[in-house]
Amino acid sequence: MMPYGPKNPAENARWETPSKRMMVFVDGENLVYRYQNMVNKGYIPRDDLAHVKDTYVWGHSFPVLARNHEILRLTYYTYVVGDENRVDQIRDELKEQNFSKHTASLLPNQVSPCVFKKDRRSRSGKGVDIQMCVDILGHVYRGNVDAILIISGDGDFEPLIEEIKRVGVQVYLSALSDGLNPNLSRIVDQFYCLDGTTWKERPRNDEP
């Protein structure tokens, strides 16, 4: 899989060194339900996406905002209904996924899974949100990163984003348009809508 980078060798100078140390944190529960909702509305997904119903969806180009930076790690948080074998299966599937990275990066680009077991009766929970917040703030306060990319449209992350900014770390955000809390895109340093890297066809009534 080709990493992001210039096709013209004359442009290589500006791609020699990643500009920031970045970690990416994916709210998989939010992402997969927003994705499925858009599919139900008639959106046609790209063929290269990986999807397991109610569990995860992933495309290697989702961290497009990180293309100029060194991604130290990308962690995908989600829930799964089932026994421990099912949980392990989803962990293994996620770990097989990768992401496009800076052309000069020598680090591995495998997805790091963080999978929680969920009761079948519960559609959602706070385990993903809480663990993401704990992990993000831990890295921020330890000085491990220069920037954070959060992939989620959940407005519950607004206080987290404000706190990251107060510490002096840049915050990037990517999300699908469906269910996106509009204030999130206003308060982050940079926002990218994932619709362009997710859908190959839109429903007729959504055409510009």
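Quick note: the coordinates plus some simple rules give every number you see, no bench work behind them. Everything quoted here is computed from the prediction, not taken from an experiment. Backbone-built Cβ (ideal geometry, glycine too); neighbour counts: all protein chains shown.
Which far-off residues, 5 or more places away or on another chain, put their amide H under 5 Å from the one on residue 97, with H placed in the peptide plane?
When sequence neighbours closer than 5 places are left aside, the close amide H contacts are 111.
Counting other Cβ atoms within 10 Å of each Cβ, which GluC sites (Glu not before Pro) in the stretch 30-99 have at most 12 and sit in a DSSP loop? Intermediate results must be reported in sequence, preceding the final value.
Numbers: sites: 70, 84, 93, 96; in loops: 96.
Loop-located and lightly packed - 96.
In which sequence would 193, 114 go, from the one with the fewest C-beta neighbours within 10 Å to the one with the most?
193, 114
If I model a spin label as a point 7 Å beyond the Cα along the Cα-Cβ vector, how far apart are those points for residue 88 and residue 156 in nm?
Calculated label separation equals 2.9 nm.
Ignoring everything except DSSP H segments at least 4 long, calculate the 222 nm mean residue ellipticity for the chain; use -39,500 (n - 2.57) per segment, divide by total residues, nearest 500.
That comes out to -8500 deg cm²/dmol.
How much space per residue, in cubic angstrom, does the convex hull of the C-alpha atoms of the stretch 59-208 take up?
Spelled out: Cα convex hull of the stretch 59-208, divided by residues, is 145 Å³.
Return 95, 101 ranked ascending by Cβ neighbour count within 10 Å, so the fewest neighbours appear first.
95, 101
Could you tell me which of the pairs 117/165; 53/95; 53/200 are separated by over 22 angstrom between their Cα atoms in the structure shown?
Correct reply: 117/165.
For the stretch 68-76, just list the computed ³J(HN,Hα) in residue order, Karplus coefficients 6.51, -1.76 and 1.60, θ = phi - 60°, integers in Hz, with x standing in for Gly and Pro.
Listing the rounded values in order: 8, 10, 8, 7, 6, 6, 10, 10, 10 Hz.
Which of the peptides 162-170, 55-63, 17-25 is most tightly packed, and how do the rest follow, going by the mean number of other Cβ atoms within 10 Å of each residue? Working shown, then result.
Working: 162-170: 14.8, 55-63: 22.4, 17-25: 18.8.
The packing order, highest mean first, is 55-63, 17-25, 162-170.
From the square roots a ≥ b ≥ c of the eigenvalues of the alpha-carbon gyration tensor of the stretch 14-96, which class results: rounded (a/c under 1.5), prolate (a/b over b/c), or oblate? Could you put the intermediate results ahead of the total?
Numbers: a/c = 2.56, a/b = 1.46, b/c = 1.75.
Cα axes put the stretch 14-96 in the oblate bin.
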